[in-house]
1. Give the residues of region 22-35 that are assigned to a helix (DSSP H, G or I) and surrounded by 10 or more Cβ atoms within 10 Å (Cβ to Cβ), sorted by residue number.
2. With respect to Asp13, is the statement that it is of a type in the set (Asp, Glu), at pLDDT 90 or above and within 18 Å of the chain's Cα centre (by Cα) true?
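The values are calculated or read from the model by the stated rules, or taken from the named source; none is laboratory data. All values derive from a computational prediction rather than experimental measurement. Note that each Cβ is placed from the backbone with ideal geometry, even for glycine, and that neighbours are counted across all protein chains shown.
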Amino acid sequence: ASTDELKEINSLDKSLMEKVALMESLSPEEKQTIYTMLDAFIGKRKLKDALSNVLQDVK
């Protein structure tokens, strides 16, 4: 990985960590909304990956 790529990754991780830290200041209801949304997106991604694997196995 080039230096520029590493810089980009580190800044992304830092930004994500800052957001996670700021989430701690939200109300329980706001946090629950974010967790629900994350679960939905992650679940959708896992389902998509699982279906993709099944379709590849069929070929």
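1. The answer is Met23, Glu30, Lys31, Gln32, Thr33, Ile34, Tyr35.
2. no
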